[in-house]
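Some notes on the structure that comes next.
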Amino acid sequence: MSESIRFNRVSVAFSNQGKTFTAVDKVTLAVNKGEFFGIIGPSGAGKSTLVRTVNLLQRPTSGNVYIDGQDVTSYKGRELSALRLRIGMIFQHFNLVRNSTVADNVAFALLASGTQKAKIRPRVLELLKLTGLSDKADLYPAALSGGQKQRVAIARALANNPEILLCDEATSALDPENTADVIAALRDIKAQYPLTVLFITHQEQVARSLFDRIAVMERGRIVEQGTAYEIFAHPQSKAAQDLIARSHGTEIPKEVAASLQDLLVITFREEHAYDALIAETSRKFGTDLSIIAGRIDYIQGKPLGTLVVSLGGLDPKKRVQVLAFIAERAWIQPYKKEEFDV
Ligand code: ADP
Ligand code: MG
């Protein structure tokens, strides 16, 4: 698999009144061609700063950025303009021109890059088709939902056939329904167009359904990376655990959780269907686990089961045996009551 983007020991330091602050700290990371790569992490971790080094909106203080194998770190002038045409970008705010139609909003990007007049309209229609907006060409942004507006921004970002799309919290201002709409559009595009996507988000919904791989950033550094499935099945870093805690989807009311003893979250990987494991545990140990909540997600098409069980009332010796038995087949963590404030 060839690399689309490579960060090689990229650091970005900001100086302010004689003090230096390192926002990105020697990040080395590779994103493969055609991959949808997610970056998650707390606010202030340096995610936006890192992503902005890809199109040199932010120049690294040290280290190098490679695009398609070429070191672009010191590109300037015409070389830099040409590079930026190969890299589209979308943000939380759509930045559409209110007094222009959807078609014209997309056409601006083609005009700006010097596309021949005669080629603009057909290309705009092609882009609107790709983003599922064919019937919206002559509407104004005000008539669109948030998800549709972001799809216009995607069409505009893809106008000049970039090989990379950078998305900085592109769905963070949207509700779950509109977020799902944008996710669906990007997945459609992935199936039709060879695009590498580098996407910053704090939305578990996006991470779960869009990414092939995920890197977790904390205080300027990459602290964990893996396939989306690995990160969800066994998150190592606090940032990844926090993201996924939001996806247990167990929605146990606080008072109910408080009333239950010894609550555990069990995450089952693909090879262990959870119904079988629970039945087996009951049979083997002659005890029923109280299942409080559960669900199965599909991440990259593979099932990942999550159960919340209560072991309250189990005698301590048996509890140890039951946990050891389950731990061979699943990942167990304590249920964090304070995180589920519903
Ligand atoms: P994230 O996107 O993960 O929330 P950012 O990359 O925006 O984080 O910012 C990382 C850190 O760098 C923050 O502490 C932020 O205040 C600081 N920072 C970002 N841009 C600048 C800048 N232009 N000047 C000074 N500090 C900055
Ligand atoms: Mg940011």
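With a Förster radius of 22 Å applied to the beta-carbon distance between L57 and T22, the computed FRET efficiency rounds to 0.75. Counting every pair of alpha carbons in the chain, the share spaced more than 38 Å apart comes to 28 percent. Heavy-atom accessible area for D138, with the other protein chains in place and a 1.4 Å probe, reaches approximately 110 Å². In this structure, the amide hydrogen of G294, modeled 1.01 Å from its nitrogen in the peptide plane, lies closer than 5 angstrom to those of V308, counting only residues at least 5 positions away or on a different chain.
The long axis of helix 274-285 is offset from the longest Cα principal axis of the chain by roughly 20 degrees. Taking the C-alpha atoms only, the angle from helix 117-130 to the longest principal axis of the chain is near 10 degrees.
By the compact-protein rule of thumb, 2.2 N^0.38 Å, the alpha-carbon radius of gyration of segment 122-166 corresponds to a ratio of 1.10.
Taking all protein chains together and a probe of 1.4 Å, list D135, D25 from the most accessible to the least accessible.
Reading off the accessible areas and sorting them downward yields D135, D25.
Summarise the accessible area of segment 250-340 (1.4 Å probe, protein heavy atoms) by the percent that is carbon and sulfur. Don't skip to the answer; put the middle values down first.
Working: 2540 of 4900 Å².
Ligands and nucleic acids excluded, carbon and sulfur reach 52 percent.
What nm value, rounded to one decimal, do you get for the distance between Q261 and S113 when each label is placed 7 Å out toward the C-beta? Taking the two extended label points, one gets 6.5 nm.
Between amide H atoms placed 1.01 Å from N, distances below 5 Å from V223 occur with V216, M217, E218, all of them 5 or more places distant or on a separate chain. With each label modelled as a point 7 angstrom along the Cα→C-beta vector, the Y193-A327 pair spans 4.9 nm. Working from label points 7 Å from Cα in the Cα-to-Cβ sense, the N95 to E126 distance is 2.4 nm. Couplings for segment 40-50, taken from phi via the Karplus curve 6.51 cos²θ - 1.76 cosθ + 1.60 with θ = phi - 60°, read 10, x, x, 4, x, 6, x, 4, 5, 4, 4 Hz in order; Gly and Pro are left as x.
For the chain, report the accessible area per residue in Å² (1.4 Å probe, heavy atoms, rounded to an integer). Could the numbers behind the result be given before it?
On the way: 16390 Å² over 342 residues.
Result: 48 Å² of accessible area for each residue.
Helix 176-192 axis versus longest C-alpha principal axis of the chain: approximately 60°, rounded to the nearest ten. Highest mean packing first, where packing is the average number of other Cβ atoms within 10 Å per residue, the peptides 69-77, 47-55 line up as 47-55, 69-77.
Peptides 148-158, 324-334 ranked from most to least packed give 148-158, 324-334, packing being the mean of other C-beta atoms within 10 angstrom over each peptide's residues. Using the Cβ-Cβ distance between D175 and E3 with R0 set to 30 Å, the FRET efficiency works out to roughly 0.25.
The values are calculated or read from the model by the stated rules, or taken from the named source; none is laboratory data. Being a predicted model, the structure only gives us computed values, none of them experimental. Ideal geometry is used to build each Cβ from the backbone, glycine not excepted, and the neighbour counts take in all protein chains shown. Heavy atoms of the whole protein, side chains included, go into the accessibility calculation; ligands, DNA and RNA do not. Shrake-Rupley method; radii C 1.70, N 1.55, O 1.52, S 1.80 Å.
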